[in-house]
């Protein structure tokens, strides 16, 4: 006797909706672990944008602070697109303030490369930056 996976009604409706929209259904269930981010060194990080815009400092406690650099509010929903040993990609939606998709590539525990794009406050954004641990949080 072959065991069949149990699909919840919510999972079934989500899959049916994706099929109706012509979207592919991911083969692997989403885990939301983001282990790579939790392994980053804690403390103050400096974000240097490649376009030369002003540097920004962020206090990193979990690593997830680097996902929504253009959407600081809480209450955003997230979908983990990729969760690998040295790279994560997260798509998020902030009701009433837009959405974004961020890719973070780990070079070391104190250095990452960030690419992000989306809509914030009604305007499109796209940036590439380097984030480096530069001290302790104030």
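Just so you know, all these numbers are worked out from the coordinates, no wet-lab data involved. All values reported here derive from a predicted model rather than from experimental measurement. Positions of Cβ are generated from backbone atoms using ideal geometry, with glycine treated the same way; all protein chains shown enter the neighbour counts.
Please name all residue pairs, on different chains or six or more residues apart, with Cβ atoms under 9 Å, provided the first residue is in the range 50-66 and is at positive phi and in contact (Cβ under 8 Å) with a residue 24 or more places away in the chain and the second residue is in a loop (DSSP other than H, G, I, E, B) and surrounded by 13 or more Cβ atoms within 10 Å (Cβ to Cβ).
Every condition considered, the pairs that remain are 63/34; 63/40; 63/42.
Quick one: which strands (runs of 3 or more DSSP E) sit completely within the range 59-138 and have at least 1 residues that are under 13 Å from residue 36 (Cα atoms) and touching a strand residue (DSSP E or B) at 6+ places or on another chain (Cβ under 8 Å)? Even if it seems obvious, please write down each step before you answer.
Details: elements: 77-83, 87-94, 98-108, 111-120, 123-135.
In the range 59-138, 77-83, 87-94, 98-108, 111-120 are the strands (runs of 3 or more DSSP E) which contain 1 or more residues that are under 13 Å from residue 36 (Cα atoms) and touching a strand residue (DSSP E or B) at 6+ places or on another chain (Cβ under 8 Å).
Is it the case that some residue within the range 34-57 is over 18 Å from residue 137 (Cβ atoms), assigned to a loop (DSSP other than H, G, I, E, B) and within 14 Å of the chain's Cα centre (by Cα)?
Yes, because at least one residue in the range 34-57 is over 18 Å from residue 137 (Cβ atoms), assigned to a loop (DSSP other than H, G, I, E, B) and within 14 Å of the chain's Cα centre (by Cα).
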